[in-house]
1. Helix B:46-56 versus the longest principal axis of chain B: what angle, 0 to 90°, nearest 10, using Cα atoms?
2. For a footprinting-style exposure proxy, rank B:Thr93, B:Thr243, A:Thr96, B:Thr62 by other Cβ within 10 Å, fewest first.
3. Mind computing the radius of gyration and Dmax over the alpha-carbon atoms of the stretch B:129-192? Å is fine for both.
4. Residue-wise, which Karplus ³J(HN,Hα) couplings in Hz belong to the stretch B:28-38, taking 6.51 cos²θ - 1.76 cosθ + 1.60, θ = phi - 60°, and x for glycine or proline?
5. Give a residue-ordered list of calculated ³J(HN,Hα) values for the stretch B:252-266 (Karplus: 6.51 cos²θ - 1.76 cosθ + 1.60, θ = phi - 60°; whole Hz; x for Gly, Pro).
6. What does the copy distance list look like for A:Gly3, label position 7 Å along Cα→Cβ, in nm and ordered from shortest?
7. Under 5 Å between amide hydrogens, which residues at least 5 positions from B:Thr98 or on another chain qualify, with H placed 1.01 Å from N in the peptide plane?
8. Please report, for A:Ala86, the nm distances (one decimal) from its label point, 7 Å out from Cα along the beta-carbon direction, to the equivalent points in the remaining copies, shortest first.
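FYI, it's all coordinate maths here, none of it is from the lab. Values in this document were obtained by computation on a predicted structure and should not be read as measured data. Methodologically, a virtual Cβ is constructed for each residue, glycine included, from the backbone with ideal geometry; neighbour enumeration extends over all protein chains shown.
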Protein chains: 2
Amino acid sequence: MSGLARLSVNQMTVKQLSIPELVEGCLELGVPGVGLWREPVRSYGLEATARLVREAGLAVTTLCRGGFLTALDPAERARALDDNRAAVDEAATLGTDTLVLVSGGLPPGSKDLHGARERIADALGELGPYAASRGVRLAVEPLHPMYAADRCVVSTLTQALDLAERFPADQVGVTVDTYHLWWDDTAPAQIARAGAGGRIHGFQLADWVTPLPEGVLVGRGQLGDGSVDFRAWRGLVEAAGYTGPVEVELFNEKLWARDGREVLAETVARFSEHAG
Amino acid sequence: MSGLARLSVNQMTVKQLSIPELVEGCLELGVPGVGLWREPVRSYGLEATARLVREAGLAVTTLCRGGFLTALDPAERARALDDNRAAVDEAATLGTDTLVLVSGGLPPGSKDLHGARERIADALGELGPYAASRGVRLAVEPLHPMYAADRCVVSTLTQALDLAERFPADQVGVTVDTYHLWWDDTAPAQIARAGAGGRIHGFQLADWVTPLPEGVLVGRGQLGDGSVDFRAWRGLVEAAGYTGPVEVELFNEKLWARDGREVLAETVARFSEHAG
């Protein structure tokens, strides 16, 4: 078995590539899986994307993303639930069993993190059975605490599991992403907890590099450029029983400014060097 | 007793003010305490600063900052310990009993957070008795996890207390800063733990506002501009038995670009409105 057998490259890592270019590049380099995002898939066409990756024999490891489930306004909440059901349908069409959820930040003017997390739980209760009926699992992703206000009130794996465990594991689990969790000395025990419950629904890699850029969204480092010990984290999820894809998801303006095929090849090489 | 009786304004909040301007402004507005930083104190003169604040009747609630105790290189480590002893001496001269510690990030090339934290513990073992002999307490400040790589490997109150509790409480305690801890649902229980042990050596306020600026150092929000519920946090430390100063410490380029006296007055008003 190749050292790349479990590698997946999330398309945001090389968002300058079109979907056909991404597929062709993965085939050339021996990358067996891709993670996809809804917006570029919609631009290229949902059915066309599904056909292309299926005929290429690529696995779609995740669809990003559902979520944003913290609205207080009933109409906004209803729209979010509709949008998440659409995302589930898209995931099913693309042939992936995992929809990643970025849960949402605080509504404007609110300071109530606990209340926001409870609204996420309510939404998971509605969406979980719908997702499972289509063969899709929801993967709540804890995001780094620096996103707690404006993007995701779920900041730790403990919080994500406290939400997920209210529902069956084939409905709701978690995404373990090194970029968000690398600093947290309580994460290893929570990975064991997640694995024991069969709730590690996704595993993503990105390195932590500083200084952070304005807005802190597009500074995720190429593997090996930062502070994350990827072999240690891979060891933790595997010790917890995880045997699924290992997905590299970088958001990085410097990488996006370069030739996408070159970045894809570099990503494969760095994966082998640091996480393979 | 005035609603400002426990207010302290950290000088970084209005770093555009000279030390005499800061002192004069505090007297005019009825602010009874200031937090000071080593560099501006050194520029104005240590003895001159000590005399000025003493004659004005202002309390010096904290000196910022010691720390940076994670070096692997023995010579660098020895220099850091010397510098921290000097900071203790300066704190004693200024008449404050609290030296805030920013513990330090990962050494270049290192990915070993645990090892870095253990080196901090070793250093606290050397510095604690020295500080106590001069009537100064070390206050380990957990910094937001976004600083874990380059500034402070101590990211949570749990970690700070795990370090502090290896030593007597009159040597080592913690600083509770809302900016760093506001997102953490485990912090309330840790505040109770810290209070029970007599280890809340400092309590600082800043609001969380987004988007974060490049480098994420100078975006701490004025009280009331962001996501932090200050009355709730003040309630937590007081329920834990804390009766000390409540210090407003903002690092914010927009505030620094304004008239310092105006910002000082605004800070006092916001304190009364949101945290008094």
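1. Roughly 40 degrees between the two axes.
2. Numbers: B:Thr93 16, B:Thr243 8, A:Thr96 26, B:Thr62 30.
Listing B:Thr93, B:Thr243, A:Thr96, B:Thr62 from fewest to most nearby Cβ atoms yields B:Thr243, B:Thr93, A:Thr96, B:Thr62.
3. When restricted to the Cα atoms of the stretch B:129-192, Rg and Dmax are 12.2, 36 Å.
4. 4, 8, x, 8, x, x, 10, x, 10, 10, 4
5. Each residue's phi maps through the Karplus curve to give 7, 4, 5, 5, 5, 7, 9, 4, x, 5, 5, 5, 4, 5, 4 Hz.
6. Distances between equivalent label points, in nm: 6.5.
7. B:Leu63, B:Arg137
8. Output for A:Ala86: 6.2 nm, nearest copy listed first.
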